[in-house]
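Read-outs throughout are calculated quantities, based only on the coordinates presented, and are distinct from any laboratory measurement. Here the structure is a predicted model, which is why all the values come from computation and not from measurement. Cβ placement follows ideal geometry from the backbone for every residue including glycine, while neighbour counts extend to all protein chains displayed.
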Amino acid sequence: MEMDLSKVLRHVETYFKNHLPHYAVLTVSRKSLHPDDGHLYIVSAKNEKDNTFAVWSCWNEKTRSLNHGHYGIKSLKACGNLVKEYMDETKYFVVYRYAQKVKERMFVTENEEQAKQFCEDHGWIWKDENDFVWSLDYREA
């Protein structure tokens, strides 16, 4: 599920205003490129009281909750490195079956060759349990 990043940022900033008022939000980044993780983000912020930084490795936009905080980070560079450490930048590929205006996800893989091979092995078609024939395709998530 793809989220509107500007809305996510507003929700994070509202959360901080209400629960962590001495922190200034620096970044809000997608946690993963996996299509099932579209609601998960990593947040970094600066503690205005002691000039340290913090990273939360999980903002859940569905529940608007913040979890897994790492506090007392001494530098902005170290903060950025921690954000990168928690990000999953793996490219994912989704195999779909489709017919006319209907498109259904079959599975997700980290391997483009596996997605392509599945489609090729099935002749780019999929026959379901009702003997309905679907076309197959894949794309990067």
| Once amide H atoms are placed 1.01 Å from N in the peptide plane, what residues at a sequence separation of 5 or more from A141, or on another chain, have their amide H within under 5 Å of its amide H? | Y92, F93, V94
| task | Give the whole-number value, in cubic angstrom per residue, of the convex hull volume spanned by the C-alpha atoms of the stretch 93-140. | result | 65 Å³
| note | Over all viewing directions the Cα convex hull of the chain casts an average projected area in nm² of 10.4 nm²
| remark: The percentage of Cα-Cα pairs in the stretch 5-86 separated by more than 16 Å is 45 percent
| Using Cα atoms only, what is the angle between the long axis of helix 5-19 and the major principal axis of the chain, expressed in degrees (0 to 90) to the nearest 10? | 40 degrees
| field | Acute angle (nearest 10 degrees) that the helix 112-121 long axis makes with the longest principal axis of the chain, alpha-carbon atoms | value | 20 degrees
| Which order results if E129, E110 are arranged by neighbouring Cβ count within 10 Å, fewest first? | E129, E110
| field | Max mean-square fluctuation residue, GNM over the chain, Cα-Cα springs under 10 Å, options G80, G123, G38 | value | G123
| Which GluC sites (Glu not before Pro) from the stretch 20-105 combine a DSSP loop assignment with at most 14 other Cβ atoms within 10 Å? | E48, E89
| Given only helices, namely DSSP H runs of n ≥ 4 each adding -39500 (n - 2.57), what is the per-residue ellipticity at 222 nm of the chain, to the nearest 500 deg cm²/dmol? | -8000 deg cm²/dmol
| Relative contact order, percent, the stretch 5-86 [alpha-carbon distance under 8 Å, six or more residues apart] | 23 percent
| request: Please report S57, S135 as a ranked list, fewest other C-beta atoms within 10 angstrom at the top and most at the bottom. | output: S135, S57
| field | Percentage relative contact order, the chain, counting C-alpha pairs under 8 Å, at least six apart | value | 17 percent
